[in-house]
Each structure stands twice: as C-alpha cells, then as structure tokens.
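Below: one structure, written as structure tokens.
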Amino acid sequence: MVVVLERNATRRQTENVVNKLELLGFTVHRLTDGEQIVLSASGMKPNFDIRQIKILDGVAGVYRITDPLKFASRNYKQDNTVINIKEVKIGGNEIVVIAGPCSIENREQIFTIAEIVSKGGAKILRGGAFKPRSSPYSFQGLGEEGLKLMREAADKNNLLVITEVIEPSQISLVDKYTDIFQVGSRNMQNSPLLIELGKTTKPIMLKRGMAATIEDWLMSAEYILSNGNMNVMLCERGIRTFETYTRNTFDLSAIPVIHKRSHLPVVADPSHATGLRDKVIPMARAAIAAGADALMVEVHHDPENALSDGPQALLPDQFSEMMRQIKLIAEVIGRKI
Ligand code: PEP
Ligand code: MN
C-alpha cells in the first residue's frame with residue numbers, strides 16, 4: 001500500500017500516520033518526492049480496509065497495490081478456465097450459445113422453443129422456473145413443474161439446462177434438474193447463496209449486478225471459488241446508467257477487462273442488456289467480436305403473449321439470422337460456433 005501525505009502535512013501528523021501503520025503491523029518506508037512525503041507500507045492483509053488510513057489527518061491518498069482477488073485472478077491461474085459440462089466446453093476456442101425463453105410457461109411453449117434453438121445451433125437451453133422479478137405482481141415462475149418440463153424438453157432436443165436459483169434452500173431441488181446454476185443480477189451479492197453454491201460441484205453462471213463494478217462482481221465470484229467450486233462463469237447483462245433508451249447499458253468493455261483480470265469464462269447476455277429485440281442481434285455480434293466465450297439470448301415463438309420479457313425475445317427467424325451472423329464474426333477472430 002502507498003500512502004501519500006498532504007504537501008503541508010505537519011511532522012506530528014506524519015508521525016501519527018507512521019505510528020498507526022506500524023501498530024497495524026505494516027513495515028513502513030518513507031520516500032520523499034520534493035516536498036511531498038510518500039510512505040510505502042508493506043505487509044497488507046487482503047481484507048485490510050484502507051479507509052482506516054484515509055481518514056487520518058494529513059493523508060492525501062491511499063493506494064492499494066496488492067490484489068484483493070485470490071482465486072479469480074489471472075495471477076492465481078494463468079490459463080483460461082475451461083468448464084466442461086457433458087460434451088460442452090465453455091471457455092475454449094468454441095463459442096457456446098445458450099438460448100430459450102425468459103420463463104418456462106407451459107409444456108407446449110418450452111418444447112416448441114427447445115426445438116427451435118436446438119435446430120438453430122444452441123447447446124444449452126435457458127429458462128427460469130423461479131423468477132426474481134422486480135415487481136411482486138409479475139409472473140414468478142412455475143417452480144418445480146417448470147424445472148421438470150425444461151429438463152424433458154432439453155433432453156428431447158439434446159440440450160443442456162441452465163436455470164436460476166434464487167435462495168440457498170432451493171439448491172437441492174434445482175440441482176435435480178439443471179446442469180448449470182444461474183445466479184441472477186439481483187442476487188449477485190447474496191453471499192449466503194454464493195457460499196452454498198460454492199459447496200456444490202455444478203458450474204455456476206454469475207450474472208453481473210445491475211449496479212456492480214467489475215471488482216464487486218469478481219469479489220462475488222470469490223465467494224463461490226473460495227468455497228471450493230472453481231467452475232464459475234461470469235455473465236455481462238448490462239448495467240444501470242443515466243441512459244434510459246435501452247433497458248440497461250451493455251458494458252461491452254467488461255469482456256476484455258475480465259479476460260485480462262481473470263481466467264474465468266465470460267458469457268454475454270444482449271437480451272437483458274438492451275431489453276429490445278431489434279438491438280439484440282447487433283449487440284450479439286459485438287459481444288462475439290469483443291471476445292465473449294458464450295452468448296445467452298432469449299427466444300420466444302409467441303413473444304406477444306410471453307409471461308415475461310416478451311419485448312426482448314428474438315423471434316425464431318431472428319435467432320437463425322443471429323446464428324448465421326455470429327458464425328461469420330467468430331471466424332474472423334479465429335473462433336468457432
Ligand atoms: C434472466 O436471465 O432470466 C434474468 C432474470 O436476468 P437478470 O438476472 O440478468 O436480470
Ligand atoms: Mn428475462
């Protein structure tokens with residue numbers, strides 16, 4: 001950690017800062033740059049709260065130089081993590097497409113959509129049975145009945161299943177039907193849920209909280225990783241900004257940022273990021289170009305009557321067109337879909 005003192009810091013203030021640092025167990029070295037005093041303090045614990053020093057009189061700035069991440073960091077593991085789920089690999093050269101409705105609504109709906117996305121080239125079927133809706137009056141999902149239907153529809157169409165789990169007590173139930181656990185944006189910092197998922201062995205897709213920084217998001221991944229489950233993928237699904245035209249703002253640069261900072265695979269979700277069907281294909285293309293390892297999109301054969309997120313669902317023809325286009329982009333960057 002580096003502590004920069006104010007230019008006019010008094011001797012007493014300086015001594016006080018040095019004493020405090022030493023009392024906290026740091027080894028302190030004093031450097032001077034002209035009139036400015038800079039302290040280098042080594043021996044920082046990962047959980048040290050730098051505000052303890054920031055608030056001291058005479059301190060102009062405190063800079064952490066040690067990495068707060070442990071398992072999610074590229075320093076911990078240099079090679080990309082590749083998650084193997086049956087025959088599907090996420091994080092390798094091949095880009096995986098995850099598609100399906102927002103929610104499982106009924107048997108006919110999930111079977112119809114599963115067939116469409118499987119024929120179009122998706123490898124994983126998505127769909128929520130427990131929906132964490134912003135409003136308690138919105139459709140909350142079919143629960144276990146929905147999970148059963150989705151598993152059957154996926155098996156029939158040679159697809160894997162990803163579905164959301166919203167609280168720790170549901171894990172064992174959802175585990176019976178899913179191949180991947182999804183943690184939704186609204187639960188990214190639900191640490192009891194993350195800790196329990198860390199004790200499972202199935203892959204976890206951790207969606208970015210709508211107001212979470214990349215660092216917050218990676219710290220949430222640490223909760224899962226540090227509890228023993230190393231199969232974590234991160235899903236960029238848009239963040240809240242001042243822009244309201246789209247549902248969220250797709251933070252595309254998070255994709256290369258995560259790839260540099262972490263070895264974990266990145267999934268891009270242009271459906272929740274834009275909230276508008278006609279913006280999904282362009283942003284899917286962009287996500288592939290930016291290096292996403294997987295793409296997750298919502299698809300519905302009858303979006304007008306969908307029980308959730310109809311306006312952002314791709315129509316079947318649009319899904320095939322998206323697949324055609326992203327295959328071309330993947331080729332340009334030396335990857336396959
Ligand atoms: C979803 O993927 O169905 C979902 C609810 O997304 P998010 O958690 O990103 O809002
Ligand atoms: Mn949705």
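The values are calculated or read from the model by the stated rules, or taken from the named source; none is laboratory data. Computed from a predicted structure; not experimentally measured. No Cβ is skipped: glycine too gets one built from the backbone with ideal geometry, and neighbour counts run over all protein chains shown. Just the protein is used for accessible areas: all its heavy atoms, side chains included, with ligands, DNA and RNA removed. Shrake-Rupley method; radii C 1.70, N 1.55, O 1.52, S 1.80 Å.
I'd like to check something: does the range 186-199 contain any residue that is open to solvent by 20 Å² or more (accessible area, probe 1.4 Å) and basic (Lys, Arg)? So far as the range 186-199 goes, yes, one or more of its residues are open to solvent by 20 Å² or more (accessible area, probe 1.4 Å) and basic (Lys, Arg). Tally time: how many residues in the range 167-195 are touching a Phe, Trp or Tyr at 6+ places or on another chain (Cβ under 8 Å) and either part of a strand (DSSP E or B) or under 17 Å from ALA212 (Cβ atoms) (or both)? Qualifying residue count, the range 167-195: 3.
State whether one or more residues within the range 312-331 are under 14 Å from the mean Cα position of the chain (by Cα) and at pLDDT 95 or above. Within the range 312-331, not a single residue is under 14 Å from the mean Cα position of the chain (by Cα) and at pLDDT 95 or above. Filtering the range 275-290 to residues that are open to solvent by 10 Å² or more (accessible area, probe 1.4 Å) and in contact (Cβ under 8 Å) with a residue 40 or more places away in the chain leaves ARG277, ILE281, ARG285, ALA289. Residue by residue through the range 1-13, note down the ones that are surrounded by fewer than 19 Cβ atoms within 10 Å (Cβ to Cβ) and farther than 9 Å from ALA41 by Cβ. Passing the criteria: VAL4, GLU6, ARG7, ASN8, THR10, ARG11, ARG12, GLN13. Got at least one residue in the range 299-314 being open to solvent by less than 50 Å² (accessible area, probe 1.4 Å) and away from ligand 2 (no atom under 16 Å from the Cβ)? No, every residue in the range 299-314 fails to be open to solvent by less than 50 Å² (accessible area, probe 1.4 Å) and away from ligand 2 (no atom under 16 Å from the Cβ).
In this structure, is HIS272 open to solvent by 10 Å² or more (accessible area, probe 1.4 Å) and within 15 Å of the chain's Cα centre (by Cα)? For HIS272, the condition - open to solvent by 10 Å² or more (accessible area, probe 1.4 Å) and within 15 Å of the chain's Cα centre (by Cα) - is met.
Rundown of residues vs (1) touching a Pro at 6+ places or on another chain (Cβ under 8 Å); (2) in a loop (DSSP other than H, G, I, E, B), yes/no style:
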residue	(1), (2)
ALA60	no, no
LEU69	no, yes
TYR76	no, yes
THR81	yes, yes
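Scanning the range 184-209 for residues that are within 13 Å of ligand 1 (Cβ to nearest atom), closer than 14 Å to CYS235 by Cβ and out of contact with any His (no Cβ under 9 Å at 6 or more places or on another chain) gives GLY184, ARG186, ASN187, MET188, MET205, LEU206, ARG208, GLY209.
For VAL28, the requirement of being among the β-branched types (Val, Ile, Thr), out of contact with any helix residue (DSSP H, G or I) (no Cβ under 6 Å at 6 or more places or on another chain) and in a strand (DSSP E or B) is not met. Evaluating LEU147 against the criteria (1) under 22 Å from GLU108 (Cα atoms); (2) within 16 Å of ligand 2 (Cβ to nearest atom); (3) not in a loop (DSSP other than H, G, I, E, B) leaves one unmet condition, (2). A Cβ distance below 7 Å, combined with a sequence gap of six or more or placement on separate chains, defines the contacts here; from the range 6-19, residues that are in contact (Cβ under 8 Å) with a residue 24 or more places away in the chain and more than 13 Å from ILE55 (Cα to Cα) reach residues that are exposed (fewer than 12 other Cβ atoms within 10 Å of the Cβ) and of a type in the set (Asp, Glu) in the pairs ARG7/GLU35.
For the range 1-48, a tally of residues being farther than 10 Å from VAL59 by Cα, small (Gly, Ala, Ser) and more than 39 Å from the chain's Cα centre (by Cα) returns 1.
Answer with yes or no whether ALA273 is on the phi < 0 side of the Ramachandran plot, modelled with pLDDT of 95 or more and away from ligand 1 (no atom under 15 Å from the Cβ). Spelling it out, it is not the case that ALA273 is on the phi < 0 side of the Ramachandran plot, modelled with pLDDT of 95 or more and away from ligand 1 (no atom under 15 Å from the Cβ).
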